[in-house]
Amino acid sequence: MDGDHSTNEESTDSRSISRRPVLRAALAAGVAVPAALMGVPALARTVPSTGGTLELTPECDDGDDPTPAQTEGPYFKPNSPQRTSLVEPGTVGTRLTVTGYVFGLACRPIANALLDFWQADNNGVYDNRGFKFRGHQFTDAQGKFTLSTIVPGLYPGRTRHIHVKVQAPGGRILTTQLYFPNEPRNNTDTIYDPRLLMTMSNNGTTRIGEYDFVLNVRQTPTSTSNPTSTSPTGPTTVPPGGTWTIGTQYAPGTTVTYGGVTYVCTQSHTAQPGWEPPNVPALWRVG
């Protein structure tokens, strides 16, 4: 097998409200992150079983702590080519796009962070002679990365996974792995950690995986603005006849109207200026 046992286990069923997905949505939409979400304790991701308010946690771990490390395995090779696509002419396999952000402990995105990916091919074989399905890239000014590849084949004794090293500029290297939900071998792989599950969806014949890394990097949040995001654009008040309202707590499935269009909420959040439904597709979809 391609590593040692990891004892990190946690049910993904407990994932609930956290500020990191909301920050991610704001960054993806290119709007400013409200000061209310910067420099203050983050909401814990789980609601107590007895109900009531959410507990507070002092850093951007949303209940996860920094992204857990995992074994490098025997197939890492240094000096991989810099590229965002591992797909080459003649590549066989189901296309996969992995996207996400790299954050520090204060929930601020990290620009120019290094990500070095490597994985097995469609048959579960690693290229040890060359650099097929190996490559590194850097996050953009908003801390975002995008990788074009294929769904890796099954390696003997392991569930489906992608290896990655993540490093903030001048920081320590995090070595870990990303996993796919609903894989039968997740239950038998002794290295598998549910905290490293990607969120998966489909875009035609391409699989879309999302994962945000939190590095153990101390940051000093400000109370005024996030320099890595842009200023809000568009109207910040509800147009006549619209039901979307700033300051309202929205739950998944809630329907609102904005500018004559109906939208359905996709994840819990409190509406903020600049987060109007057409500006944040990660929070609202057209209903």
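Coordinate-derived values only; no laboratory data. Just so you know, these numbers come straight off a predicted model, no measurement behind them. As a convention, Cβ positions derive from the backbone with ideal geometry for all residues, glycine included, and neighbour counts pool all protein chains shown.
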| query | Here are some conditions: (1) in contact with a Leu (Cβ under 7 Å, 6 or more places away or on another chain); (2) not in a loop (DSSP other than H, G, I, E, B). Residue 201 meets all but one. Which one does it not meet? | reply | (1)
| For residue 124: the one exception among (1) over 18 Å from residue 208 (Cβ atoms); (2) within 18 Å of the chain's Cα centre (by Cα) | (2)
